[in-house]
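Asks: First, the structure itself, so that you have it in front of you.
Coordinate-derived values only; no laboratory data. Note that the structure is predicted; figures quoted are calculated from it, not measured. A quick note on method: Cβ atoms are made from the backbone with ideal geometry, for glycine too, and the neighbour counts reach across all protein chains shown.
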Amino acid sequence: MKKFIFSILFSVSFLFAQSEAGGFAATTYWVDMHNGSDDSSGTSQAKAFKTIHKVLEGSYLHQNEVDTIKVMPSVVSGSSNGYYDFGDDELFTASSYDFVLIGVAGPDSTIFDAESKNRHMSIDDGQSNKSIIQGITFRNGKSDSYPDAGSISISNSTNIQFINCVWKNNSSSYGYNGGGAINIRYKATPSFDLCVFDSNFVDVDDNSTNGGAISIEDAYNKEDLNSTIKIYRSKFLNNYAKAKYTATGGAIRSRRSL
């Protein structure tokens, strides 16, 4: 009996120690394109990763916690045009685990640039609204394939929040799905607060198209139809939709509750 009690106490103490040490608690990772390395641990500013892909495409996030990824500025003193390079490197989230991705200096200094080669990312693993992307500029994303989404494709019940983000000069040319910056489909219900959509567009030569900035596709079921995608305190500037046949929603096209 004494051995059994000791075993339980030892296990509990071990778990508590592991949690205090960070083994099972939420972790903060750092990314710094100028001073980081993807061979580092990423767990402090001094040991930052170099790319966002290292965290979100790896196995670093924890299932029952909301880990934070702090992204250092790409634009620094003496470099007026620095950016995190997403060209030829679209990011795909590796799990459904929630995360907070935050540009510590805000969108003017934290820029993800896809160099007009591809989307920035696809978020399709079903993250909840505990997931947040904040303080990032997404520019020069481009898509010529399904489902359009020049910058970010959001699907599969993903309910992520975007706060204080900017989408600029993103485009798509695939077809009817639309979304020069963002395409939302298949039960995804993201939200947008204090965001700016500037000069995004869809331009299709041989089809119809929709949503110069955002395209929200048909509902999958009744619950999906009634779930509300919320956009607050945000600006839509100079976005457009252009097509050979029908073009709708210069800024937003929605087939769901908005």
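Asks: Could you tell me the distance between the Cα centroids of segment 81-112 and segment 230-258, to the nearest Å?
Replies: 24 Å
Asks: Per q in 0.08 1/Å, what log10 I(q)/I(0) does a Debye calculation on the alpha-carbon atoms of the chain return?
Replies: -0.34
Asks: Right, another one. Give a residue-ordered list of calculated ³J(HN,Hα) values for segment 148-156 (Karplus: 6.51 cos²θ - 1.76 cosθ + 1.60, θ = phi - 60°; whole Hz; x for Gly, Pro).
Replies: For segment 148-156, the Karplus-derived couplings read 6, 6, x, 10, 9, 9, 10, 7, 6 Hz, x marking Gly and Pro.
Asks: Could you quote the convex hull projected area for segment 84-228, Cα atoms only and averaged over all directions, in nm²?
Replies: Values: hull surface 32.0 nm².
Averaging across all directions leaves 8.0 nm² for the Cα convex hull.
Asks: Could you pull the Rg and Dmax for segment 154-201, using just the Cα atoms, both in Å?
Replies: Calculated on Cα positions, Rg and Dmax stand at 11.3, 29 Å.
Asks: Same structure, new question: Using only the alpha carbons of segment 152-258, what is the convex hull's orientation-averaged projected area in square nanometres? Kindly include the intermediate steps, with their values, before the conclusion.
Replies: On the way: hull surface 22.9 nm².
Result: a mean projected hull area of 5.7 nm².
Asks: Next up: Taking a cut-off of 17 Å between Cα atoms, list the aspartates and glutamates near Lys117, but don't count ones fewer than 8 places away on the same chain.
Replies: Cross-link targets: Asp85, Asp88, Asp89, Glu90, Asp144, Asp148, Asp203.
Asks: Helix 2-21 versus the longest principal axis of the chain: what angle, 0 to 90°, nearest 10, using Cα atoms?
Replies: It is inclined by approximately 40 degrees.
Asks: Anything over 18 Å Cα to Cα? Flag those among Lys142/Lys230; Lys168/Lys235; Lys130/Lys222; Lys50/Lys70; Lys47/Lys70; Lys47/Lys130, in the order listed. If you can, show how the numbers build up before the last one.
Replies: On the way: Lys142/Lys230 25 Å; Lys168/Lys235 12 Å; Lys130/Lys222 24 Å; Lys50/Lys70 12 Å; Lys47/Lys70 12 Å; Lys47/Lys130 26 Å.
Pairs exceeding 18 Å: Lys142/Lys230; Lys130/Lys222; Lys47/Lys130.
Asks: A follow-up question, please. Based on Cβ point charges of +1 for Lys and Arg and -1 for Asp and Glu, what charge dipole magnitude is obtained for segment 134-228 about its Cα centre, in debye rounded to the nearest 20? The partial results should precede the final answer.
Replies: Details: 6 positive and 11 negative charges, 62 e Å.
Using Cβ point charges on Lys, Arg, Asp and Glu, segment 134-228 gives about 300 debye.
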